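The values are calculated or read from the model by the stated rules, or taken from the named source; none is laboratory data. Predicted, not measured: the structure shown is a model, and the values here were computed from it. Positions of Cβ are backbone-derived with ideal geometry, glycine not excepted, and every protein chain shown enters the neighbour counts.
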Amino acid sequence: MTLFERFKESLTKTSKNLATQMDKLFGFYDAVDDEFFEELEEILILADLGFETTDSVLTELRNEVYERMLSEPSQVKPLLEEILISKISSDKKLDLENPPKIILIIGVNGAGKTTSIGKLTHLLKSHGHHVLLAAADTFRAAAIDQLGIWAERAGVDMIRHKEGSDPASVIYDGIQAAKSRNVDVLICDSAGRLHNKKNLMMELGKISKIIHREYKEEDIMTLLVLDATTGQNALIQANLFKEYAEIDGLILTKLDGSSKGGFVFAIKDQLDLPVYFMTLGEQLEDIAVFDPEYFVKGIFERNGQ
């Protein structure tokens, strides 16, 4: 089974929920009327798109149905897919052939930051890049050692200080090491202590100041890691982190356990944050560039058929 086949299989929880309800909707109604749209609205909200995004999708859908003079429910389904794909599409990408010089990874503890760093490191290495890690999540017990295991698995070096050290100092030393060793990409871990927003703001502020002092804007990227299984809670996390960091995009983790893939639409629609990568499993290879069309068809169609 290829990686993309595994991703398609991993989306079956969302797919079963959404596709089954869609089948009932499009099979029950003979006309595209107000009742049809009301039931579609309920389905999309339950799929975790959220109220605002669902309203935006249905407004666009109603306008298109009217302009194209569609009357058959069967004609609406491909149009809905088209709108959903456009909602999570973006021109912003991480160019794997010419990546940024420094990538800061942020996210709450438990979201999958450490494993995402390991997988992204492996992906960049597979494209011929020299990668270095900086272990700046210095407050969480064993976080440094966990990242060290992934660094070893990926075959790269890691800059580390003792537990409890200043995260900004780790980043600074990582930057100096990256420059002296002619490293292509420095990937930096960070603490995810949302329960203390003041500390988070101060830490990210210090880290950002150092990074922007050492690199040009176009050489910097910040990626937020979100756990797909948390649904709309991920939107809350994204909002909080966006207060303190200039986020470029998302890494979506744990898709193999998610039945709430719809929140991706809400995050893109409300915060304009595109998904760059999606991950599942515990292997270094379990990461892929996010494909909006693939994602929509994966959760929209029963068993991906």
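Observations on the model:
- Scanning the range 158-200 for residues that are of a type in the set (Asp, Glu) and surrounded by 15 or more Cβ atoms within 10 Å (Cβ to Cβ), we see that the one that is farthest from residue 247 (Cα to Cα) is 163.
- Which numbered condition residue 105 misses (of (1) within 20 Å of residue 287 (Cβ to Cβ); (2) of a type in the set (A, V, I, L, M); (3) in a helix (DSSP H, G or I)): (3)
- Residue check, residue 128 free of Cβ contacts under 8 Å to residues at least 24 places away in the same chain, of a type in the set (Gly, Ala, Ser) and not in a helix (DSSP H, G or I): yes
- Of all the criteria given as (1) at pLDDT below 80; (2) touching a strand residue (DSSP E or B) at 6+ places or on another chain (Cβ under 9 Å), the one not satisfied by residue 88 is (1).
- Members of the range 164-208 that are modelled with pLDDT under 95 and of a type in the set (Lys, Arg): 193, 197, 198, 206
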